[in-house]
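*Asks:* Once you've had a glance at the structure underneath, I'll fire off some questions.
The values are calculated or read from the model by the stated rules, or taken from the named source; none is laboratory data. In this text, all values refer to a predicted model and were calculated from it rather than measured experimentally. Backbone-built Cβ (ideal geometry, glycine too); neighbour counts: all protein chains shown.
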Ligand code: HEM
């Protein structure tokens, strides 16, 4: 897998451009919203999808083409999500299938980057829950302690 300075050149050579990224993001989140597990997690937090989709296009443009258009901080946004390793696997499964459809020979590049970022988000979320995941250990489901007050009640 290419790394470093050649990364963008390799991505461009495989056809990665803004049009491909826009199509990938829109197809992917259309699938996510239909998914029984992931759909409700997103729909509970995103009322207006167009700004989210544009931020995700900026994100992938920054990751794949190093355009520097994304300035957000994904970690704190994910830290409080009720997700587990199973959800990350599902996210990556849907992302991979969409990338295969939309990105042709560039699909492995997107999948590689998504996998690495997913792994770092999963480790980061575990950390915010006070868990230090061992090699190959996955983020367990979030279980509220019995009798604990809801976030909204605090
Ligand atoms: C279990 C898997 C995942 C779930 C359920 C999830 C869910 C979400 C949700 C609900 C938001 C919106 C947060 C908000 O605006 O309050 C969000 C934002 C975001 N997600 Fe994920 N996500 C997942 C995995 C990933 C992965 C693997 C990546 C990157 C490869 C990613 C990249 C992003 C980025 C960049 C944003 C932030 C956009 C911004 O700055 O507003 N997510 N995610």
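*Asks:* In the range 72-83, which residue that is in a loop (DSSP other than H, G, I, E, B) and near the ligand (Cβ under 8 Å from one of its atoms) is surrounded by the most Cβ atoms within 10 Å (Cβ to Cβ)?
*Replies:* Per the criteria, the residue is 83.
*Asks:* Another question, then. Please state which one of 106, 114, 99 is within 23 Å of residue 129 (Cβ to Cβ), buried (at least 18 other Cβ atoms within 10 Å of the Cβ) and modelled with pLDDT of 95 or more.
*Replies:* The unique qualifying residue is 114.
*Asks:* Could you please tell me which pairs satisfy a Cβ distance under 6 Å, a separation of 6+ or placement on different chains, a first residue in the range 54-78 that is touching a residue at least 12 places away in the same chain (Cβ under 8 Å) and more than 26 Å from residue 129 (Cα to Cα), and a second residue that is within 8 Å of the ligand (Cβ to nearest atom) and assigned to a helix (DSSP H, G or I)?
*Replies:* 63/113; 70/59
*Asks:* Based on this model, can you work out whether residue 113 counts as within 9 Å of the ligand (Cβ to nearest atom) and farther than 24 Å from residue 9 by Cβ?
*Replies:* no
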